[in-house]
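Working notes, beginning with the structure itself.
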Amino acid sequence: MQNKVIQADYLLLESGLKEKWGVQVQDNRIVKVAPNEQLQQIKEAEQIYLHNQILLPGFVNGHNHMYGFYSHGISADAVVTEFSSFLEDFWWPYVENRLDHRYIQAATKWACIEMIESGVTSFVDILEAPNAIPGGLDAEKEVVQASGLRGKLTFEACERISKENADAGLMENDRFVRENKGEHHLVQGINSIHTLFTGSDEFIKKAKRMADENGAPIHMHLSESCYEGDWCREHYQQTPVERYEQLGYLDRNVLASQVVQVSDKELDILAKHQVSVVSMPISNCEVGGGFAPVSKMLDRNMTVGLGTDGYVNNFFEVMRAAFLVHKANQRDPQVMPAKTVYQMATSMGAKAIGLEDAGSIREGNLADLISVDIMLPTPINEKNIYDQLILFCNPQNVVNVMVDGQWLKRDGVLTTMDKEKARQELRQATEEFWKFQ
């Protein structure tokens with residue numbers, strides 16, 4: 001049995017900031033949260049002191065596309081004019097349709113490194129690579145498992161290629177979910193479809209039925225821009241949320257990502273069915289989607305997490321964006337306080353992706369922890385801690401990362417991943433990937 005006592009100068013609990021507090025970790029669980037002076041009396045444990053650091057729960061990246069690196073700096077001859085053009089003229093032909101297992105693994109390695117360095121300990125990744133199934137999720141799993149991160153992986157099934165490919169996507173998810181069930185699996189599966197405009201009613205109902213049978217949540221992109229709403233009203237004379245409700249799709253096991261262009265009525269329906277949401281403030285800007293009504297979701301007591309979308313993977317930048325863009329959009333500096341954003345990145349984000357025992361430091365929870373250097377130019381205190389973390393910290397401030405009781409980063413050094421090797425592998429893979437002819 002591994003038994004560690006981790007003492008820090010500060011510890012951030014849901015109840016507030018504690019000075020000279022820490023935790024005892026046995027195997028993969030937090031078994032004691034207490035002042036350092038009490039923890040020092042535990043003689044049978046390894047004693048670790050984190051000087052000038054604050055101990056936090058690890059961040060939760062609720063929505064990632066790890067293969068998204070292949071679009072970073074890409075010189076594609078596509079002119080994107082609006083959201084459907086982004087998908088049809090660029091994203092699908094230049095990126096997703098060209099992925100194979102080797103490309104997926106090279107991107108996954110670098111994504112895991114960026115997440116660890118950014119303090120992310122748990123994540124959901126959505127793979128849409130229609131020509132990489134079967135086995136695309138297994139290719140990701142091999143890398144994620146080696147990294148030590150806690151990951152929930154899913155294939156984004158849809159009918160845009162063919163009905164046969166859509167069914168293959170559903171089977172990829174169902175198989176992966178069933179093969180990776182149980183607490184002992186750091187890497188697990190969930191189910192996923194793309195959108196209403198890439199799936200028939202029959203397909204969407206089948207996907208939900210399979211998810212109910214295998215017991216894992218189901219994910220979809222929802223109203224990332226005006227396009228899906230306009231399309232749905234044209235084809236069904238309904239909003240997307242109304243259509244999903246009519247299909248019997250919505251319940252507390254649904255994870256909706258983006259959720260940007262939605263009405264108050266749609267939010268009421270989502271809240272009624274206890275649908276969780278993951279917001280991507282930076283990528284919403286990239287595609288011109290707009291500003292998600294996150295404050296309205298929170299007013300309805302909806303569970304809302306944060307995600308990178310595989311775009312800007314610095315999770316501190318994502319938190320900063322969530323803190324800032326809604327203030328500007330609503331012209332209200334009181335909107336989205338730093339504490340709320342921090343909760344979306346930790347406890348609320350964990351709940352959104354179905355991790356009830358993560359996202360906060362409490363006895364019995366998983367030992368998914370990070371420490372952040374607090375030697376900032378201005379000191380931290382009870383009143384400013386959330387602003388200091390979100391506005392003025394970056395990955396270089398993350399000193400230690402622990403997942404499931406194991407160090408993934410120790411004293412600023414990655415312990416499970418070879419950063420330079422992964423960088424070279426991705427650069428080589430990208431150079432090949434960008435040869436479009």
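Highest mobility in the GNM of the chain, judged by mean-square fluctuation with C-alpha springs under 10 Å and restricted to 132, 146, 157, is found for 146. Taking 25 °C and 0.890 mPa s as conditions, segment 333-374 diffuses translationally at an estimated 215 µm²/s according to Stokes-Einstein applied to its Kirkwood radius (Cα pairs). Accessible surface of the chain, 1.4 Å probe: 47 percent of it comes from carbon and sulfur atoms.
Can you order the peptides 95-106, 158-169 by their average number of other Cβ atoms within 10 Å per residue, highest first? Walk me through the numbers before you get to the answer.
Values: 95-106: 19.3, 158-169: 17.3.
For the peptides 95-106, 158-169, the packing ranking is 95-106, 158-169.
Extending 7 Å from Cα along the Cβ direction at residue 435 and again at residue 234 yields two label points whose distance is 3.9 nm.
When the Gaussian network model of the chain links Cα atoms closer than 10 Å, the mean-square fluctuations of 386, 227, 236 top out at 236. Residues in segment 80-119 average 34 Å² of solvent-accessible surface per residue, probe 1.4 Å, ligands and nucleic acids excluded. When the surface is traced with a 1.4 Å probe over the full set of protein chains, residue 272 keeps roughly 130 Å² accessible.
Bridging of residue 272 to lysines at a Cα separation below 29 Å is possible for 152, 181, 205, 206, 208, 296, 327, 339, 351, once same-chain residues fewer than 8 apart are set aside. Structure remark: mean-square fluctuation, Gaussian network model of the chain, C-alpha springs under 10 Å; the largest value among 375, 402, 417 belongs to 375. Between 99, 50, 195, the Cα set farthest toward the positive side of the dipole of the chain (charges on each charged residue's Cβ, about the Cα centre) is that of 50. Projecting label points 7 angstrom from Cα along Cα→Cβ for residue 394 and residue 378 puts them 1.9 nm apart. Across segment 304-437, the convex hull enclosing all Cα atoms gives 168 Å³ per residue.
Amide hydrogen proximity for residue 52: with H placed 1.01 Å from N in the peptide plane, the residues at 5 or more positions away or on another chain lying under 5 Å are 9.
3J(HN,Hα) along segment 380-392, derived from phi through the Karplus expression 6.51 cos²θ - 1.76 cosθ + 1.60 where θ = phi - 60°, amounts to 8, 7, 4, 7, 10, 4, 5, 5, 4, 5, 7, 8, 10 Hz, with x in place of Gly and Pro.
Determine the relative contact order of the chain: mean sequence separation of Cα pairs under 8 Å and six or more apart, normalised by residue count, in whole percent.
Numbers: 922 pairs, mean separation 87.7, N = 437.
After rounding, I find 20 percent.
The values are calculated or read from the model by the stated rules, or taken from the named source; none is laboratory data. Computed from a prediction, not measured in an experiment: that's the story for all the values here. Every residue, glycine among them, receives a Cβ derived from its backbone with ideal geometry; neighbour counts consider all protein chains shown. Ligands, DNA and RNA are stripped out before the accessible areas are found, and what is left, the full protein with its side chains, is counted by its heavy atoms. Shrake-Rupley method; radii C 1.70, N 1.55, O 1.52, S 1.80 Å.
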